[in-house]
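One structure is given below, encoded as structure tokens.
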Amino acid sequence: MINFATVGTGWITESFIQAASLSKQFQLVGVYSRTEENAKKLADQYKAPYFYSDLAEMAKSKEIQAVYIASPNSVHFEQTLTFLKNKKHVICEKPIFSNTAELAEAYRTAEENGVYLFEAIRNIHTPNFNILKEKLPLAGKLRSTMLPYIQYSSRYDLFLQGEEPNIFSAQYSGGALVDLGVYPLYLAVGLFGDPHKVTYHPVMLRSGVDGSGTLVLEYKEFVCTILCSKISHSVLPCEIHGEAGTFVLEDAAPISEIKFIDSHTKASQILSVEQEEQNMVYECLNIAQIIETKNDEEYNRLKKWSEIVLRITEEVRKQNNIIFATEK
């Protein structure tokens, strides 16, 4: 059992706490918030014995082995270093950091202190992702891929009223690509590897970040197109087109259904399996397995994917002069 604590008190933190409990591999022992009142409220709700409003104090606790971070994107790096330097494993919510320089330094710090650093990204740990990766050869030679993740954000209403929520702010390293686009991007990198060319066509907002956009990944013999948006909504499925057949995914995260359609017979079959409704449990299980067994092969696979994904988002942001405050 891994004793862990959390940074952040939003819905995603509660989802992780619930998933960690469901995994039976983690025990919540501490909660951090900027205010003691909010920290105590969440700690009481989930029966955590400790709560903190001082991050440095929490980092020094001998009761904590790992920390899950779900704070604003722009402070991920600073907070992560604090815990890594105190020899705590860190599970940092996506997007892990603002740029690759931060990522390289954080991985270096983790290695120096004998701990692991993970990016929390749920879809690549699910049983259905593993099925899709295993069955991908059924499609034959790949020719095109369309991976949309388009969800209207209620916080866009606040933006339209003149406010600037974190996710629509360059000050907090926000934007549609790093918030939603990373799900289909991780899917593409996990399935197809590192593309040889990337371009991004954003719809820019007054705050200097993208509200939506089209990311194009060029591979040797096919193109993968990723659509992401937080300012509109879509019910389009994801599709992977090959000469022998097509995969149709109900969604990029958590990949709840996979259908394969034969190009010649037009016969279809469902390849997916039922998954836990609290689908973050799968990343909890995989992360716990890596920590407990020191599975460096799996750790390095996830590390490589994080490096590729962040390099791509950084490259295409800079193509479009989307510069975060942490980079100025």
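Structure above, values below:
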item	result
The chain - accessible surface per residue (Å², probe 1.4 Å)	44
12 Å beta-carbon shell around LEU180, net charge (K/R +1, D/E -1)	-1
Residue-count net charge about ILE270 - beta-carbon cut-off 10 Å; Lys, Arg +1, Asp, Glu -1	0
Rounded tilt (10° steps) of 182-192 against the dominant C-alpha axis of the chain	60
Inter-probe distance in nm under a simple model that places probes 7 Å from Cα toward Cβ, at MET204 and GLU221	3.9
Portion, in percent, of the accessible area of the chain that falls on carbon or sulfur, probe 1.4 Å	48
³J(HN,Hα) computed for each position of the stretch 27-44 - Karplus, 6.51 cos²θ - 1.76 cosθ + 1.60, integer Hz, glycine/proline x	10, 6, 10, x, 9, 10, 9, 5, 10, 4, 4, 5, 5, 5, 4, 6, 4, 5
Computed E for ASN295/ILE261 - FRET, C-beta separation, R0 35 angstrom, nearest 0.05	0.45
Residue with peak Gaussian network fluctuation, the chain [Cα springs, cutoff 10 Å], from LEU227, LEU185, LEU205	LEU205
J(HN,Hα) series, the stretch 274-289, from Karplus relation 6.51 cos²θ - 1.76 cosθ + 1.60, nearest Hz, glycine and proline x	5, 10, 4, 4, 7, 6, 5, 4, 5, 5, 4, 5, 5, 5, 4, 5
Cα gyration tensor shape for the stretch 131-221, rounded if a/c is under 1.5, else prolate or oblate	prolate
Charged-residue dipole, Cβ positions (Lys, Arg, Asp, Glu), the chain about Cα centre, Debye nearest 20	300
Enclosed volume per residue, in Å³, of the convex hull spanned by Cα atoms of the stretch 121-175	127
Shape of the stretch 140-284, Cα gyration tensor, a/c cut at 1.5	prolate
J(HN,Hα) series, the stretch 171-178, from Karplus relation 6.51 cos²θ - 1.76 cosθ + 1.60, nearest Hz, glycine and proline x	4, 10, 6, x, x, 5, 5, 6
Contour minus Cα-Cα distance for LYS304 and LYS318 (0.36 nm per residue)	2.9 nm
Cα-based helix-to-principal-axis angle, 296-319 vs the chain, degrees rounded to 10	80
Helix 11-23 axis, angle to the chain major axis (alpha carbon atoms, nearest 10°)	90
Computed FRET value (nearest 0.05) for HIS233 with GLN269, which takes r as the C-beta separation and R₀ as 22 Å	0.15
The stretch 1-145: C-alpha gyration tensor shape, a/c 1.5 cut-off, then a/b vs b/c	prolate
Ranked order, THR265, THR6 - accessible area, probe 1.4 Å, largest first	THR265, THR6
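The values are calculated or read from the model by the stated rules, or taken from the named source; none is laboratory data. The structure displayed is predicted, hence computed values, not measured ones. In this analysis, Cβ positions are derived from the backbone assuming ideal geometry, glycine residues included, and neighbour counts consider all displayed protein chains. Remember, those area values only see protein heavy atoms, side chains included, never the ligands or the DNA or RNA. Shrake-Rupley method; radii C 1.70, N 1.55, O 1.52, S 1.80 Å.
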